[in-house]
Structure formats: structure tokens, C-alpha cells
């Protein structure tokens, strides 16, 4: 009986992992399509701004909008999306999804952000009774990780492998050859 319960639990776990693996960009997508990198870029704060300005967007509206329009080709791989925005290369790579449902994404420039995708009902026109179901993308938080090398998500922990950072060294020498692994608890 115990073997049967364990094997059933194992089968359910395998099916869940296969379903997650089958989702493009580890589930960080809109109807199977990569999220427009311009939408992601517009949500990133500038260092001079000191924090997030655009907290949430409606994905269905942003995906093909004039606001997020660009005429440069978008390159996609299994978990990475790359394009050129205003003459600069920009990419984002989906590191993984926490058990609490946050997507951890690495951006160009060694920034790591946590995003949440929610289904919500909105009222496109306040003077009309119609409502519409949409997906909102929310930037939960973002951090700069100097000398980033790679990362993975395990449970609600972000595990980052990076080169040892020396802020007192010259710019060319601030990332040392030695590496270190740092763990961060990600709370929703």
C-alpha cells in the first residue's frame, strides 16, 4: 500500500514537472508567447530613479502596443529573449519560479527581478458596464547583482553563483576569478 502511494505521488510529481517544462519561458509568458522585452524594459527603474516607477502593466495591452513598439528583431531561445532597444542590446532570461509563484528574471546589466503574473478583471471604460479579464505583470522587486555568473531557484530561495566583487578595485578588476555562491530568501 505504501509503495502504491509513493509511486502515485512520484507520477503526479513527474507530470507536474513535465507540464512546467513544457511551458515556454518556464511559464513567464502570455499565451505561450514571450513577453515583449520592451514591456519588461519599461518596468525597469533607472539607478538615478531610486526605485520602481512602473509597478504593473496589463500584458494583453502592452504586448503589441504603440507604447512597447519597436522595429528590431526579437531573438528567443528556451528561456531567454533578446532584442535591441534604443540602440542598446537588452535581454531577459527566466531563471525560474519560486514555490510562492514569483518568476525570477535576470536582465541585461546584472539585475535580477521578481515578477508576478496575475489574472484580474478590469473595467476598460468606467462609464460602461463591460469588464474584461486580463493578465497583469507586477514587478515585486529588483536588485543589482555585481559579477553575476548564474542562478537557479529552489523552493523560495534564489541561489546565485557570482564572481567575488571588490568595489575598491578598478572597474576592469572588480570581478575576481574566484566565485562564491550566495542564497537569498525570496518572499512574496
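None of the figures in this text is laboratory data; all of them are computed from the coordinates on show. These figures come from a predicted structure and were not determined experimentally. Methodologically, a virtual Cβ is constructed for each residue, glycine included, from the backbone with ideal geometry; neighbour enumeration extends over all protein chains shown.
For segment 73-157, compute the orientation-averaged projected area of the C-alpha convex hull (one quarter of its surface), in nm².
The number I arrive at for segment 73-157 is 8.1 nm².
Can you give the extra length, in nm with one decimal, that the chain gains between residue 149 and residue 74 once fully stretched, where that is 0.36 nm per residue apart less the Cα-Cα distance?
On the way: separation 75, 0.36 × 75 = 27.00 nm, distance 2.34 nm.
Here the answer is 24.7 nm.
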Inter-label distance, nm, simple model (7 Å from Cα along the C-beta direction), residue 67/residue 170: 4.5
Label point 7 Å beyond Cα of residue 99 along Cβ direction - residues of segment 172-188 with amide nitrogen under 15 Å: 184-188
Centre separation in Å (Cα based) which lies between segment 137-188 and segment 49-111: 19
Chain lengthening between residue 85 and residue 131 when straightened (0.36 nm per residue, less Cα-Cα): 13.2 nm
